[in-house]
């Protein structure tokens, strides 16, 4: 079994199931803060997916996108916390 | 050899991410969800990025992967702390099995302190008003 096949049949399905489960919490989440952490987790899993895809396709350039996405996730969560704090 | 290492690390990483997402669905409370999610997801993504660092035989890629891991480990707890603090202040309910809320007492004291400060401010404003009235007379 080659590494590409292993990534196709094990790693990507695991990550995809994770994203679907987190989407359930994003839609259901009783409070706004639940939705915020669900969004944060989706972006974090997206970084993992991009990394796995860059290994699978052999293109290291995708890691730059992962770095930018990490930055955006942090800024988004901080902004949500700031404005939710201001709202009350 | 490298392939086996990548297989093991990526499997552990993907399973950690899967456990984080199961945790965010199954946990009964926002705070439990937060504490489950951040640590497990950071561990999983860190392991996947370690796989990328092993896979590409290139110093620049390894440095980039290490930079992303460093950034994630640095920022994930800060963001979790901020959003947890916001949730506590906005009154997100805890699970009925929660036995102890140590922050409650602290914030009670702080609220009392704020009340005292507000009373002092009101007294000072009244004093200024009275002195102005005395001046105008």
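Here, each number is a calculation from the coordinates, and none is a lab measurement. Since this is a predicted model, take the numbers as computed values, not measurements. Cβ placement follows ideal geometry from the backbone for every residue including glycine, while neighbour counts extend to all protein chains displayed.
Of note:
- For chain A, the longest principal axis of the alpha carbon atoms and the long axis of helix A:62-87 meet at an angle near 10°.
- Angstrom value of the Kirkwood radius, inverse mean 1/r, which spans all Cα pairs in chain A: 14.4
- Per-pair calculated FRET efficiency, R0 = 41 Å: residue B:135 and residue B:108 via Cβ, rounded to 0.05: 0.50
- Extension gain (nm, one decimal) between residue B:78 and residue B:3, 0.36 nm per residue minus Cα-Cα: 23.5 nm
- The slack between residue B:99 and residue B:58, meaning 0.36 nm per residue of separation minus the straight C-alpha distance, is 9.6 nm.
- Isotropically averaged projected area of region B:2-99, using the convex hull of Cα atoms (one quarter of hull area), nm²: 7.1
- Each residue in B:104, A:4, A:40 was given a count of other beta-carbon atoms within 10 angstrom of its own, and listing them fewest first yields B:104, A:4, A:40.
- Residue order, fewest to most beta carbons within 10 Å, for B:59, B:25, A:22: B:59, B:25, A:22
- Cα centroid separation - region A:1-66 against region B:17-92, whole Å: 12
- Linear extension gain, residue A:17 paired with residue A:68, 0.36 nm per residue minus alpha-carbon span: 16.0 nm
- Here the protein assembly as shown is treated as an ellipsoid with the same Cα gyration tensor; its semi-axes, largest first and in whole Å, are 48, 20, 13.
- Rounded to 0.05, the FRET efficiency of the residue B:35 and residue B:116 pair, given R0 = 25 Å and the Cβ-Cβ distance, is 0.15.
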